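For reference, the structure is listed below as structure tokens.
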Amino acid sequence: MVQERVMEIVLYGRNRCHLCDEVELLIRTLAKEFPLRLQVVDIESDPVLHEEMMLVIPVVAIDGEIVFRSVTHVVTFQELHQELTRRTSK
């Protein structure tokens, strides 16, 4: 039996950010289909992260790589699903 690799997902956001909450819910929904572990990081707990990401949250990193920043739009369910599918089919 082949063990599936668990993807490490980090969601960078802040408290009282409805967009961050929505993306967290999308990721938790996708966890029913994909092997993943989610860590939520409050950028306000780290001055460097806050400075770097305050205008582009929510930010999603997968396996240590920042994949989605909310620059022109917030990541969608389809975009997340496509990226996770791509990573699991390698």
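The values are calculated or read from the model by the stated rules, or taken from the named source; none is laboratory data. Keep in mind it's a predicted model, so treat the numbers as computed, not measured. Cβ placement follows ideal geometry from the backbone for every residue including glycine, while neighbour counts extend to all protein chains displayed. The protein model used for the area step is the full one, side chains on, heavy atoms only, and it has no ligands, DNA or RNA in it. Shrake-Rupley method; radii C 1.70, N 1.55, O 1.52, S 1.80 Å.
Here are a few things to note about the model shown:
- If the chain linking V41 and L19 were pulled fully straight, counting 0.36 nm for each residue of separation and taking away their Cα-Cα distance, it would gain 6.5 nm.
- Percent accessible area from carbon and sulfur atoms, the chain, protein chains only, probe 1.4 Å: 53
- Between helix 77-88 and the chain: long-axis angle, C-alpha atoms, 0 to 90°, nearest 10: 50
- Estimated Rh, the chain: Kirkwood, alpha-carbon pairs, angstrom: 13.4
- Along the axis of the charge dipole computed for the range 7-89 (Cβ charges of +1 for Lys and Arg, -1 for Asp and Glu, origin at the Cα centre), the listed residues L55, L25, L11 are led at the positive end by L25.
- The residues of the range 12-85 present an accessible area of 61 Å² per residue when probed at 1.4 Å with all protein chains retained.
- Helix 18-30 axis versus longest C-alpha principal axis of the chain: approximately 10°, rounded to the nearest ten.
- Label point distance in nm, T85-H73, each placed 7 Å from Cα along Cα→Cβ: 1.7
- DSSP bridge analysis restricted to the chain gives an antiparallel fraction near 50%, rounded to the nearest 5.
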